Amino acid sequence: MQDIDECATENGLCAQHCINSIGSYSCGCDLGYNNVGFFLCIDIDECYTAVDGCSHECRNYDGTYVCDCPDGLLLGEDLHTCE
């Protein structure tokens with residue numbers, strides 16, 4: 001019996017990554033995204049969930065985030081702390 005690579009056709013209908021296995025497959029998402037259902041990936045809002053670690057302001061972007069500082073402060077080398 002030969003395995004069918006479901007990922008070979010339309011990426012297995014996965015939004016981002018298709019991982020083939022013997023007799024099956026699964027979908028995966030890039031860093032910064034969560035699987036929803038089996039096929040979809042949605043952005044994780046790191047600012048809303050407070051996992052960003054920013055000392056002041058956090059700006060969420062698709063798949064990532066950046067820390068920002070108020071006027072008069074600069075973002076430090078750790079890219080999270082305003083100095």
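The values are calculated or read from the model by the stated rules, or taken from the named source; none is laboratory data. Everything numeric in this text was worked out from a predicted model, so none of it was measured. With ideal geometry, Cβ positions are generated from the backbone for all residues, glycine too; neighbour counts draw on all protein chains shown. The protein model used for the area step is the full one, side chains on, heavy atoms only, and it has no ligands, DNA or RNA in it. Shrake-Rupley method; radii C 1.70, N 1.55, O 1.52, S 1.80 Å.
For the chain, what size does the Cα cloud have along each of its three principal axes, sorted from largest down, in whole Å?
66, 22, 17
With n ≥ 4 as the cut-off for DSSP H runs, can you work out [θ] at 222 nm for the chain, using -39500 (n - 2.57) per run divided by the number of residues, rounded to the nearest 500? Please report the intermediate quantities before stating the final value.
Details: 1 runs with 4 residues, N = 83.
Mean residue ellipticity, 222 nm, calculated: -500 deg cm²/dmol.
Please give, to one decimal in nm, the separation of the simple spin-label points placed at Leu74 and Glu57, each 7 Å out from Cα toward the Cβ.
Result for the modelled spin labels: 1.8 nm.
Send over a whole-number figure in Å² for the accessible area per residue of the chain, probe 1.4 Å. Mind dumping the intermediate values first?
Working: 5960 Å² over 83 residues.
Per residue, the chain has 72 Å² of solvent-accessible surface.
Taking the Cα centre as origin and putting +1 on Lys and Arg beta-carbons and -1 on Asp and Glu beta-carbons, what dipole magnitude results for the chain, to the nearest 20 debye? Intermediate results must be reported in sequence, preceding the final value.
Working: 1 positive and 16 negative charges, 59 e Å.
Computed about the Cα centre, the dipole is about 280 debye.
Taking θ as phi - 60°, what are the ³J(HN,Hα) couplings along the range 49-56 by the Karplus curve (6.51, -1.76, 1.60), each to the nearest whole Hz, with x for Gly and Pro?
7, 6, 9, 6, x, 6, 6, 10
Please give the length that would be gained between Leu40 and Ser24 if that part of the chain were fully extended, namely 0.36 nm times their separation in residues minus their C-alpha to C-alpha distance (nm, one decimal).
On the way: separation 16, 0.36 × 16 = 5.76 nm, distance 1.75 nm.
Gain on stretching Leu40 to Ser24: 4.0 nm.
Each label point is 7 Å from the Cα along the Cα-to-Cβ direction; what then is the distance between the points at Leu31 and Gln2, in nm?
According to this spin-label approximation, the distance is 3.8 nm.
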